[in-house]
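The values are calculated or read from the model by the stated rules, or taken from the named source; none is laboratory data. Since the model is a prediction, treat every value here as computed from it, not as a measurement. Here the Cβ positions follow ideal geometry from the backbone for every residue, glycine too, while neighbour counts run over all protein chains shown. We work out accessible area using only protein heavy atoms, side chains counted, and drop any ligands, DNA or RNA first. Shrake-Rupley method; radii C 1.70, N 1.55, O 1.52, S 1.80 Å.
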Amino acid sequence: MMTTTKKMIVPVIGLAVLAITGCGSSEEEASEASPSPSEMQVADGHCMDVDAAHRDDPDSVGYTAASVMHCWDSTMDATMTDAALRAAPLMSEEWAAQQTQPERNAIQGQFSAAAKHEAYSVPEVSRTGGDVDQNVDYDKVARGFTIEWEWQGRDGETVPGGSAQIMVYMEMHSGKWEVVGHHTTTVQEEDR
Amino acid sequence: MSMAGKAAKFGIKAALLKLFGPILAFFGVALLLLAFMLFLLINAGLSGGAEQAESESQRVETAGNSCSITSEEGEGGDAEGKSTSVPAEYAEDVKKASEEAGIPEQIIAAQIQQESQWDPTAGSHAGAQGIAQFMPATWATYGEGGDIHDGHDGIAALGRYMKDLKGQVSEQAGDDSDELIRLTLAAYNAGPGAVHQHDGVPPYDETRHYVETITGNGQTKFSEDCSPKGSATAWDGDLGDGEWTNPCPGCQFTSGYGPRNVPGLPAWAQNHVGVDLATPGAGNSNGTDIIAPTDMTVVGFLADDGCVMTRQKEGPGFFFAFCHMNSNEVEDGQELKRGDIIGVEGNTAGGGGGGVATHLHLEIYDPESPDPPMPYNDHNIDPEPILKEKGAWPE
């Protein structure tokens, strides 16, 4: 199946996943005390779930990976790469092993501004126009995605985010598409 | 002549003198005043020219290392917010840190923007603090007893730290000063050990992004009047005088330049050596007119992909390729003026229409490129920072 997914808003999907998995109101009611950091869910569970990807559809796999890789929690993530590591289940073993955290966050200023509101990023993913998509072979494709995000503070405030374009390279092995490479081609941060 | 004649002649002279004397005197004084004013004007002009020449000399001189940056109280920030200014209170600190580290001022400024957005109270989940986001252990070495939350102390420490890192990666950079800046920034983000391990910028997406963002912002946000610095483009020469025109009016930037030579990427992964600009909503229909961004000469065509190749007439003599056009209105050898129509944005690729969504794929090649240039000929340079610097980037 080679469907084209256009501009889906991740939080909606995240909420849908929450509803399906039952991770919703009952848990909130069960515990009124603030959870400890180890108990906290990244972005309070609003990030897209890697299991939501249809592994027989490279568009879905690429879309999900792009979304997960840009869903950060300023209260939990030290670098941008933390999110890439969460997308590792969609990657080949070799590519997952390549995901190395640098010592510092490349968009630290943005994370710090977000941290003041205990914010998490809310990514919106769409397909990149132009000729970036390539069907190289029956088991090799490249897909371009454009991601725009803003930060949602847990205090209700929003913080400006940015946008990025990434290329996601995928191969099919044993009937499943997996990410064998990704490459951020451009990142722009909104002026504050 | 008789006395009477002489007296008569004298009388006439006296009468004439009485009549025209004041007029002559008036014109004489006026002439003197005019000459004096002319002298003042010339003197002022020469003086002003000398000041301007001196100012230009200073700008050119500093451009060799640091370029000029703009503070919020200075010139340069435009009303549309295209450029980011250094907060006035930190302008002198940035200058001193630049001198300490031997790193261009606009790089230091872009780095602080990236690290904390100039917020001296910034903190991070990982424990980094202050305007330059120092970890406490690093601050203990480079802070020199200052206050980590004091912006002035933080920028000074950044200068010392960058100087140290620069020294640690200088061997990897060799004689390439741009590479030295790239590696120093990579060392700041990933650690000097990672730079040593990979003998260059580590193949971490995040680190590569950090380096490209700092060098790119250093050029486009903090020094729009300067030549490219760092590695925002492989072209490190003069871009020539004057502004260019947006080659794809009304278009949006949809895809950037980037050789995909990232270690670990599969060999089949494509290489995109141009920028894509597209009319929003054009789909597979004809888009907008494609415009010559500067004066250029048509040097070739690549019909299968709807490309027109040109060469810039003035320095530095870049080559261009305008691709995927559905039609063109130029002939080989035709000289184009800035603003002339080259063709129509389209989706011609692989010998036909419909191969791609409608957009302009724009490539720029260095002046040493074969003539005519062909796409992906290893002489490509990133068009984005060049178009930005020349004021021709889509809004």
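Residues that are over 16 Å from A:E124 (Cα atoms), at pLDDT below 95 and among the aliphatic types (A, V, I, L, M) do occur in the range A:39-52, at least one of them. Considering only residues of the range B:191-203 that are under 27 Å from the mean Cα position of the chain (by Cα) and buried (at least 22 other Cβ atoms within 10 Å of the Cβ), which is nearest to the other protein chains (Cβ to nearest Cβ)? Only one residue fits best here, namely B:P202. If the condition is being surrounded by 16 or more Cβ atoms within 10 Å (Cβ to Cβ) and more than 12 Å from B:C323 (Cα to Cα), then the range B:279-296 contributes B:T279, B:A282, B:N286, B:G287, B:T288, B:D289, B:I291, B:A292, B:P293, B:T294, B:D295, B:M296. Restricted to the range A:107-172, the set of strands (runs of 3 or more DSSP E) holding at least 1 residues that are of a type in the set (D, E, K, R), modelled with pLDDT under 95 and within 13 Å of the chain's Cα centre (by Cα) comprises A:140-152.
Restricting attention to the range A:85-106, the residues being without any contact (Cβ under 8 Å) to a residue 40 or more places away in the chain and either among the hydroxyl-bearing types (S, T, Y) or not in a loop (DSSP other than H, G, I, E, B) (or both) number 8. Can you tell me which residues in the range A:80-101 are within 8 Å of another protein chain (Cβ to nearest Cβ) and either out of contact with any helix residue (DSSP H, G or I) (no Cβ under 6 Å at 6 or more places or on another chain) or of a type in the set (A, V, I, L, M, F, W, C) (or both)? Listed by number, the residues that qualify are A:M80, A:A84, A:E94, A:W95, A:Q98, A:T100. Being free of Cβ contacts under 8 Å to residues at least 60 places away in the same chain and either within 14 Å of chain A (Cβ to nearest Cβ) or open to solvent by less than 10 Å² (accessible area, probe 1.4 Å) (or both) is the requirement here; does B:C323 meet it? Judged against the criteria, B:C323 is a match. Criterion applied to B:P316, B:P372, B:P367 was being more than 14 Å from chain A (Cβ to nearest Cβ), in a loop (DSSP other than H, G, I, E, B) and surrounded by 20 or more Cβ atoms within 10 Å (Cβ to Cβ), and the one residue passing it is B:P372.
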